[in-house]
Each structure stands twice: as structure tokens, then as C-alpha cells.
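The values are calculated or read from the model by the stated rules, or taken from the named source; none is laboratory data. None of the values given here were measured: they were computed from a predicted structure. A quick note on method: Cβ atoms are made from the backbone with ideal geometry, for glycine too, and the neighbour counts reach across all protein chains shown.
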Amino acid sequence: MERWMLESTTGAQMVQLRVQLAQMTAASQMLEQYATDERGKAYLSTINQSVCRMLRLVSRMELAQRLTDEDEVRLNVGPLDISHWGEELGRRLESVLAGAGVSFSWDVAPGLFGVVDGTLLEQLVLELVSNAAKTGSPVKMSVQPGTQSVRITVSDQGPGLDAQQLSTLFQQPPQGDGGLGVALAQQIAQLHGGLLMADSQLGRGVNMVAVIPLREGLPPRRLETPPPQWGDNGLDSVLVGLSDVLPSASFSPDELR
């Protein structure tokens, strides 16, 4: 469904969707002063949840288009303290996933630096964590050094997948929501000159491993206009990225303040 929408939606229509979502977000914030009882807060929570899920859908369509468009700058790279980035992202993920009753832990090695697209790297992790969290089992993120690379592993303790199910995640076009998430993560890894791997055994969960080469200097950039940097309407990008696995209570006005 998302792939069909991507192919049939123009850039102008995407902008219109962004405008409408921004208006919905503003309206929801204005209504907070009137939602003084639990029923009113519950209604607003549902509205906020819907806005976040629509933002996620639009962002993924824009990202999929950006990653496959040869005429756009697909990577906006710069120096990044990957260890600090991983620690901060781990804390945000733990806090947000607690609202879904999902245990999250992380292990980030110190002293990791590289030249990467930090925004896309976060999106890669969000896609993998979102898939893992759907199992309802504990999820772990590991960021460790490789051979002139960084290895980002997201694992769960769910029922696992057999070989056929695992290969389906990497099929093109993507099969279902999980497949789209893996496809996006795979494209992000490949644009960095890396790769995405997976292994699983029935009853032992799934391990998704992204290997990202660590450049030491800025690569040459094409002189093109970079893609528009859309925000998330003032909402936490982790909250938006995991909105498909979070309950409506995670989007209550009190939680979003």
C-alpha cells in the first residue's frame, strides 16, 4: 500500500499533506486547554496518535523517494560522534518504548567517530527497532566497532523467523510494513557504502546488523539543492518513528509536554 501511494503521489501533494498535518497538530495543541477531564484527554491522545502515524507514513514515502531518486542529494554527511549519538538515541528509545511495555537496552562502544548522515542513520535504527518491538519481547541495540566500520545491531527475543520468512523481508518490492522498514534500512546502509544483514532461528528472535563504513574525511559532494528538511511538527522523531507500536496513552497531552 505505501509503495503504491509513493508511486502515485506527487511532490506537490506531499507538501499539501504536510500542511494539513501541521494544521492538525496546531489544532490539537490549542484544544489542550479544553481537555480537562480524562475523556477529553483520551480523545486528544487518539488525535495525536493519528497525526504521528500519518507523519510517519508521509516521512517514509518521502524518504523512499529520496533514496531512489538519482537527481537528488541522497546523503547529507558530516562528522559525527557516533558513540554520543548512540547513547542519546538509546536513552530516547528506552523512554518511548516504556510506554508500550517493551524493555529496551543498549550497548554503545566509546570512541566511535565517522562521517555519516546522522539523520538517515537514526531512521535506519528506528525502522529496525520498530520491527523488533512488534514482537513485544525485549529489544536491544548494540553499536560496536568493526573493521574500519561501525556495526549497529538491533535484536529481539521474539519467536524468530525461518529462512523463508527472513528472505521475504529483503524482497523487492517490500512485502508488508516490516518489509518496507527493512528495505529502507538496507538502502540507507548501502548509500553509506555498507550493507544490512540478518540472522534468526525459530524461538531465538531476530538479529539485524547494519555495517556502516567509517569515512575519515568528507567525500566530494555534487552541487545540487539538498532535499527539504521537514520536521516532525515539534514532536519527538523517535515518538513519530515508533508510533505504529505505541499505545494511544503515549500521545496524551501530558506526555507530549
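Regarding segment 203-222, can at least one residue be identified that is touching a Gly at 6+ places or on another chain (Cβ under 9 Å), small (Gly, Ala, Ser), at pLDDT 80 or above and surrounded by 15 or more Cβ atoms within 10 Å (Cβ to Cβ)?
Scanning segment 203-222 turns up at least one residue that is touching a Gly at 6+ places or on another chain (Cβ under 9 Å), small (Gly, Ala, Ser), at pLDDT 80 or above and surrounded by 15 or more Cβ atoms within 10 Å (Cβ to Cβ).
Sort through THR119, THR135 and tell me the only one that's under 14 Å from the mean Cα position of the chain (by Cα) and surrounded by fewer than 18 Cβ atoms within 10 Å (Cβ to Cβ).
Of THR119, THR135, the one residue that is under 14 Å from the mean Cα position of the chain (by Cα) and surrounded by fewer than 18 Cβ atoms within 10 Å (Cβ to Cβ) is THR119.
GLY86 - would you say it is small (Gly, Ala, Ser), in the same structural domain as MET208 (by TED's automatic domain parsing) and either under 16 Å from ILE188 (Cα atoms) or not in a loop (DSSP other than H, G, I, E, B) (or both)?
Criteria met by GLY86.
Yes/no matrix, rows are residues, columns are (1) in the same structural domain as THR25 (by TED's automatic domain parsing); (2) among the hydrophobic types (A, V, I, L, M, F, W, C); (3) part of a loop (DSSP other than H, G, I, E, B); (4) at pLDDT 75 or above:
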| position | (1), (2), (3), (4) |
| --- | --- |
| THR225 | no, no, yes, no |
| GLN229 | no, no, yes, no |
| LEU235 | no, yes, yes, yes |
| VAL238 | no, yes, no, yes |
| SER243 | no, no, yes, yes |
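Which residue, of GLY99, GLY86, is surrounded by 13 or more Cβ atoms within 10 Å (Cβ to Cβ), out of contact with any helix residue (DSSP H, G or I) (no Cβ under 6 Å at 6 or more places or on another chain) and at pLDDT 85 or above?
GLY86
Can you tell which of VAL182, VAL116 is among the aliphatic types (A, V, I, L, M) and touching a Gly at 6+ places or on another chain (Cβ under 9 Å)?
VAL116
What pairs come out if I take residues in segment 42-63 that are under 12 Å from SER250 (Cβ atoms) and pair them with residues that are of a type in the set (S, T, N, Q) whose C-beta lies under 6 Å away, six or more apart or interchain?
Sorted first by the residue in segment 42-63, then by its partner, the pairs are SER45/SER248; SER45/SER252; THR46/SER248; ASN48/SER28; GLN49/SER248; CYS52/SER243; ARG53/SER243.
Is there any pair linking a residue in segment 110-135 that is of a type in the set (Gly, Ala, Ser) to one that is assigned to a helix (DSSP H, G or I), with Cβ under 7 Å and at least six apart or on different chains, and which?
GLY111/SER83; GLY114/ILE82; GLY118/TRP85; SER130/GLY181; SER130/GLY241; ALA133/LEU97
Does GLN16 qualify as being more than 23 Å from ALA100 (Cβ to Cβ) and free of Cβ contacts under 8 Å to residues at least 40 places away in the same chain?
When the stated conditions are applied, GLN16 passes them.
Mind telling me which of the residues ALA35, ALA22, ALA42, ALA26 ends up being surrounded by 15 or more Cβ atoms within 10 Å (Cβ to Cβ), at pLDDT 65 or above and more than 21 Å from the chain's Cα centre (by Cα)?
Of ALA35, ALA22, ALA42, ALA26, the one residue that is surrounded by 15 or more Cβ atoms within 10 Å (Cβ to Cβ), at pLDDT 65 or above and more than 21 Å from the chain's Cα centre (by Cα) is ALA35.
When you check GLN144 against the structure, is it touching a residue at least 40 places away in the same chain (Cβ under 8 Å), assigned by TED's automatic domain parsing to the domain that holds ARG204, of a type outside the set (A, V, I, L, M, F, W, C) and surrounded by fewer than 17 Cβ atoms within 10 Å (Cβ to Cβ), yes or no?
Judged against the criteria, GLN144 is not a match.
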